[in-house]
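Colleague: Take this structure, written in structure tokens, and hold onto it; I'll ask about it next.
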Amino acid sequence: MSHPDIKVLGIIAGAGEFPRRVVEGARRAGVEVVCMAIRGAASDELRPLCRSFRRFRAGAVEGPLAYFKAEGVQHLLLAGQIKPATLYTMWPDATARRLLGQMDRRNAHTIFGAVCQLAADNGITVLPSTTFMEGCMPAAGHLAGPAPTPEQVEEARFGLAQAREIARLDIGQSIIVHGHSVICVEAFKGTNECIRSGGYRGHGVTLCKVTKPGHDMRFDVPCLGLGTIKNALRAGVNHIVFEADRTILFQREEVEALCNRHGITLHAMVAPVPAEEGPEPEHMADDAAHAAAMAAEVQRLGIGHIAVVCDGVIIAVDDADGPLKCIRRAAAYMRQLRFMRLFNWLCNLLMGRKTPPPAPMVLRTAPGYELPPEAAAAARKADIVLE
């Protein structure tokens, strides 16, 4: 597709092959690329493909904005993975701190939405992440592996509807289902961990991946690639369904060949709209209110009964594996970040910035549900606040 109005494209590049594919697509369209590569995420292979290439730390806003302006960038695109853990380990500059301080919840949509608004205020249009990627978004239909059985189609419809609700709540974009049961919900750790936790069941399960209702396609667009299929193969996930026309499929030929070779059913579907789709989550006064609201929602959906939140981010919700495994997963995720969070806080204090100490994880249960004693003990051991 031609994009005649774009002369110089700025890219904020994260990890994975998404940025490279966008750069290659832009170059084929005769568009020059200026790349702001996120330190520790974007690959150096982008450097020779771009007119200009500079690295900035996650959390820097002022430097990248000045860089794009100096390079004559009027159109900007966000491409590539930025790990959720970055929310807790980044070093925001003054402008980023101001933006973060205005947010009720810190997630991909609130943070990148603020970045897009800041860019617009400075005369830079942020394009949909799918720009130059239109050929990588399959329409509805069976793509590879055995044709889905009627049971798998019904399972997919159920899973996509549930996944849309999970995405609406800003919990995640992916879930694992079996029949009409949700086996695992993606949250803080991402799709690959969802596959590992939801697989290995001794029977086939379905991975469902969607956008949220009203999804802003300028960022956080669902993606699938060879790595996803390999993880699914190892975990025994034999059926993958994703939202048609709204999901980027990388390495399509290799993905389809791997699915055909190992009998993984891959197809795209139009996600059904739930009969009673809920509204956007309301303002959350604090982590306790946020966790309580999410616990009530997952119980309403028939998925689980608890939610764990930290500093406005949903770390985990329970599912078919029960609250104990949910708590242990949340503890394992945050244990990896404990030192870095403390280090960042101390450095801010030494630099004269008045910042609160690292927030604890907070767990709340749905109305009428009592946390089992073993799960409560595990939560206290992990320093998760229960009351």
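The values are calculated or read from the model by the stated rules, or taken from the named source; none is laboratory data. Predicted, not measured: the structure shown is a model, and the values here were computed from it. Don't worry about glycine lacking a Cβ; one is built from the backbone with ideal geometry, like all the others, and counts go over all protein chains shown.
Colleague: Can you list residue pairs whose Cβ atoms sit under 7 Å apart, with the first residue in region 292-303 being within 21 Å of F158 (Cβ to Cβ) and touching a residue at least 40 places away in the same chain (Cβ under 8 Å) and the second being of a type in the set (S, T, Y) and outside any helix (DSSP H, G or I)? Count only pairs 6 or more apart in sequence or on different chains.
Modeller: What qualifies is Q299/Y369.
Colleague: State whether the residues of region 357-371 include one that is modelled with pLDDT under 90, within 28 Å of the chain's Cα centre (by Cα), among the hydrophobic types (A, V, I, L, M, F, W, C) and in the same structural domain as I303 (by TED's automatic domain parsing).
Modeller: Among the residues of region 357-371, at least one is modelled with pLDDT under 90, within 28 Å of the chain's Cα centre (by Cα), among the hydrophobic types (A, V, I, L, M, F, W, C) and in the same structural domain as I303 (by TED's automatic domain parsing), which makes the answer yes.
Colleague: Then there's this: Only residues that are of a type in the set (V, I, T) and closer than 22 Å to A378 by Cβ: list them for region 330-357, please.
Modeller: none
Colleague: Continuing with this model, one more query. Does I248 meet the test of being within 30 Å of L127 (Cβ to Cβ), out of contact with any Asp or Glu (no Cβ under 8 Å at 6 or more places or on another chain) and buried (at least 18 other Cβ atoms within 10 Å of the Cβ)?
Modeller: Yes, satisfied.
Colleague: Kindly evaluate G40 against the criterion of being over 29 Å from M284 (Cα atoms), surrounded by fewer than 17 Cβ atoms within 10 Å (Cβ to Cβ), under 20 Å from the mean Cα position of the chain (by Cα) and at pLDDT below 90.
Modeller: yes
Colleague: State which residue is modelled with the highest pLDDT when the search covers only region 169-185 and only residues that are surrounded by fewer than 24 Cβ atoms within 10 Å (Cβ to Cβ) and hydrophobic (A, V, I, L, M, F, W, C).
Modeller: The selected residue is I183.
Colleague: Of F219, F188, which residue is in contact with a Cys (Cβ under 8 Å, 6 or more places away or on another chain), buried (at least 18 other Cβ atoms within 10 Å of the Cβ), in contact (Cβ under 8 Å) with a residue 24 or more places away in the chain and among the aromatic types (F, W, Y)?
Modeller: F219
Colleague: Being of a type in the set (D, E, K, R) and assigned to a loop (DSSP other than H, G, I, E, B) is the filter here; which residues of region 1-45 pass it?
Modeller: If the condition is that a residue be of a type in the set (D, E, K, R) and assigned to a loop (DSSP other than H, G, I, E, B), then D5, K7, E17, R39 are the ones that fit.
Colleague: Here's something else I'd like to know. When you go through (1) among the hydrophobic types (A, V, I, L, M, F, W, C); (2) crowded, with 18+ Cβ neighbours inside 10 Å; (3) in a helix (DSSP H, G or I) one by one for A66, which number turns out not to apply?
Modeller: (2)
Colleague: Out of all the residues in region 82-105, is one or more farther than 28 Å from D245 by Cα, in a strand (DSSP E or B) and either of a type in the set (V, I, T) or out of contact with any Phe, Trp or Tyr (no Cβ under 6 Å at 6 or more places or on another chain) (or both)?
Modeller: Within region 82-105, not a single residue is farther than 28 Å from D245 by Cα, in a strand (DSSP E or B) and either of a type in the set (V, I, T) or out of contact with any Phe, Trp or Tyr (no Cβ under 6 Å at 6 or more places or on another chain) (or both).
Colleague: Looking at V273, V241, V255, which one is crowded, with 16+ Cβ neighbours inside 10 Å and outside any helix (DSSP H, G or I)?
Modeller: Selected residue: V241, the only one of V273, V241, V255 that is crowded, with 16+ Cβ neighbours inside 10 Å and outside any helix (DSSP H, G or I).
Colleague: Still on this structure, I have one more. Taking region 66-79, which residues are under 24 Å from the mean Cα position of the chain (by Cα) and not small (G, A, S)?
Modeller: If the condition is that a residue be under 24 Å from the mean Cα position of the chain (by Cα) and not small (G, A, S), then H75, L76, L77, L78 are the ones that fit.
Conditions (1) crowded, with 20+ Cβ neighbours inside 10 Å; (2) part of a helix (DSSP H, G or I), marked per residue:
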position	(1), (2)
G113	no, yes
A119	yes, yes
G123	no, no
T131	yes, no
G135	no, yes
P146	no, no
E151	no, yes
E154	no, yes
E165	yes, yes
